Amino acid sequence: MICTIVHMDAARIIRGWRETSELTQAQLARRVGVDQSYISSYESARRSPGLAVLERLGRGLGGELHVALRPRARSTTGWSPLTLADLGAQLAREDEVERKRRLVLEFVTGYGAAAWRHRPALVARRPELDQGPWAALLGGFAEHGAFWDEYDAPEWCYEPARFLPQAWYLVAGKRMRRRARLGSPAAFARRLVFLDPADLERV
């Protein structure tokens, strides 16, 4: 069993493996030694499996996992990275904090890969997510990007709801939070949003 993993394909791959092997979710779960709810959450994309989980599933099906990295495909109109409005919509639908963090890093990567002339468009549209720490984080991204890339920040990023009444950390762990407190850029810190500055290296 050989497959190439690309972004957001994990659910399809796991389901395909299982159906090709003519197994139910319960049967696959027993083979791998996990609860059926784990298999269900992976197949419905509610949970994102790491490579170790995929390898374990592959072994449980008598197969072999192969991973290949390749450039993201470009459309005929050019590659379109995630916008802040799109990110906000995805964050609103997602319950798992770790998955939310991955989506944020996906935006950072896309913003960094985008041509400078396209970056203002990535932050221009107001995200519908406009309450809570993740909404404040979006405001920080818009202001931070505008400052460093020298374009006008969108008005929505200065809305009162984009500023928090108490500190919130994107990172976990006492040491990481201390680093975030000391190094979080001004656009985030003034919103009381603290994140590891290394996560912004490409913004």
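The values are calculated or read from the model by the stated rules, or taken from the named source; none is laboratory data. Since this is a predicted model, take the numbers as computed values, not measurements. Counting neighbours? That spans all protein chains shown, and the Cβs are built from the backbone with ideal geometry, glycine included.
The C-beta contact set for region 85-105 (first residue of a type in the set (D, E, K, R), second residue assigned to a helix (DSSP H, G or I) and crowded, with 17+ Cβ neighbours inside 10 Å, distance under 6 angstrom, 6+ apart or interchain) comprises Glu94/Lys100; Lys100/Leu91.
Listed here are the residues, each with its yes/no results for (1) surrounded by 18 or more Cβ atoms within 10 Å (Cβ to Cβ); (2) more than 22 Å from Arg99 (Cα to Cα); (3) under 17 Å from the mean Cα position of the chain (by Cα).
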site	(1), (2), (3)
Pro133	no, no, yes
Ala153	yes, yes, no
Tyr158	no, yes, no
Phe163	no, yes, no
Gln166	no, yes, no
Leu200	yes, no, yes
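When region 168-188 is limited to residues that are of a type in the set (A, V, I, L, M, F, W, C) and over 23 Å from Arg99 (Cα atoms), the one that is modelled with the lowest pLDDT turns out to be Leu182. Among the residues of region 136-193, those that are part of a strand (DSSP E or B) and without any contact (Cβ under 8 Å) to a residue 60 or more places away in the chain comprise Trp168, Tyr169.
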